[in-house]
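Here's the structure we're looking at; comments come further down.
The values are calculated or read from the model by the stated rules, or taken from the named source; none is laboratory data. Being a predicted model, the structure only gives us computed values, none of them experimental. Ideal geometry is used to build each Cβ from the backbone, glycine not excepted, and the neighbour counts take in all protein chains shown. Please note that ligands, DNA and RNA were not included when accessible areas were found on the heavy atoms of the full protein model with its side chains. Shrake-Rupley method; radii C 1.70, N 1.55, O 1.52, S 1.80 Å.
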Amino acid sequence: MPVQARSAASVDAILKATVQVLLRVGKEKLTTTRVAQRAGVSVGTLYQYFPNKSALLRTALKLHAEEILAEVDKVCVVERGQPVEQMAEALARAFLAVKMRDPKKSRALYRVSSDVEGAKIMSRTAARMNEEIAGLLETAAERLTRDPHLMATILESTIAGVKRQLLESEMPEAEFEVIERELVLVVRSYARACVGP
């Protein structure tokens, strides 16, 4: 295996192990030694890529943010030129789907985010997402009566608020579907209110 491919495989294994150890023992007991053991690499190899525990967690959080952006990007490609209500629904469903695909992982990363500059990471993610969503809204089939960036901010904030509630509560996963249905009702209603004659 070429060196670059081995390096990528090692980094991938280390990041997967970081999340696994985080889920198993929590943030306080997560150590670089435990992560290296779980990943099947030496601690020295781990330190080649990540200087400390915070760097591990920060990178895991960045990857999670990239997963969210990738889902939003997909929606923005598929929904171009569609009715704005349909766009809003697709965005809400995609965002919750990626966050709730692995609720335990999402909760664990959400809980450690304040310790690893998570606010900065998520702020940058939100800014990129706002640009993507505003660009999508500009292609809406109807005439919009609101600025697309404002609409993107309201939609994104509404979806993020519901996501935060799901991650902060101990709500059973069985209720996610009900919450998603209600969120779709809210974002579709808002989107409808932003369409002119």
For the chain, longest principal axis from Cα atoms; helix 84-100 axis from its Cα atoms; angle between them, nearest 10 degrees, is 20 degrees
Computed about the Cα centre, the charge dipole of region 29-145 from +1 Lys/Arg and -1 Asp/Glu charges at the Cβ has a magnitude in debye, to the nearest 20, of 880 debye
Heavy-atom accessible area of Asp73, protein chains in place, probe 1.4 angstrom, given in Å² to nearest 10, is 60 Å²
With +1 on the Cβ of every Lys and Arg and -1 on the Cβ of every Asp and Glu, the dipole magnitude of region 19-95 about its Cα centre, in debye rounded to the nearest 20, is 640 debye
Rounded to the nearest 10 Å², the accessible area of Arg143 using a 1.4 Å probe with every protein chain kept is 130 Å²
Per-residue ellipticity at 222 nm attributable to helices in the chain (runs of n ≥ 4 DSSP H, -39500 (n - 2.57) apiece, nearest 500 deg cm²/dmol) works out to -26000 deg cm²/dmol
In the chain, taking the dipole from +1 charges on Lys and Arg beta carbons and -1 charges on Asp and Glu beta carbons about the Cα centre, the listed residue (Thr45, Ala174, Leu109) farthest towards the positive end is Thr45
For the chain, longest principal axis from Cα atoms; helix 103-112 axis from its Cα atoms; angle between them, nearest 10 degrees, is 70 degrees
Mean accessible area per residue over region 133-197 (1.4 angstrom probe, all protein chains present, square angstrom) is 53 Å²
With R₀ set to 35 angstrom, the calculated FRET efficiency between the beta-carbons of Ala193 and Lys120, to the nearest 0.05, is 0.60
Phi-derived 3J(HN,Hα) across region 141-146 with the Karplus relation (6.51, -1.76, 1.60, θ = phi - 60°), rounded Hz, x for Gly and Pro, is 5, 9, 7, 8, 9, 10
The percentage of the accessible area of the chain (probe 1.4 Å, all protein chains present) made up of carbon and sulfur atoms, to the nearest whole number, is 53 percent
Mean accessible area per residue over region 25-91 (1.4 angstrom probe, all protein chains present, square angstrom) is 49 Å²
Once Ala141 and Val43 are pulled to full extension, the length gained, defined as 0.36 nm per residue separation minus their Cα-Cα distance, is 29.8 nm
Per the C-alpha gyration tensor (a ≥ b ≥ c, the square roots of its eigenvalues), region 124-197 is rounded if a/c is under 1.5, else prolate if a/b beats b/c, else oblate; here it's oblate
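Which GluC sites (Glu not before Pro) from region 139-174 combine a DSSP loop assignment with at most 15 other Cβ atoms within 10 Å?
Passing both the DSSP loop test and the Cβ count: Glu142, Glu170.
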With +1 on the Cβ of every Lys and Arg and -1 on the Cβ of every Asp and Glu, the dipole magnitude of the chain about its Cα centre, in debye rounded to the nearest 20, is 880 debye
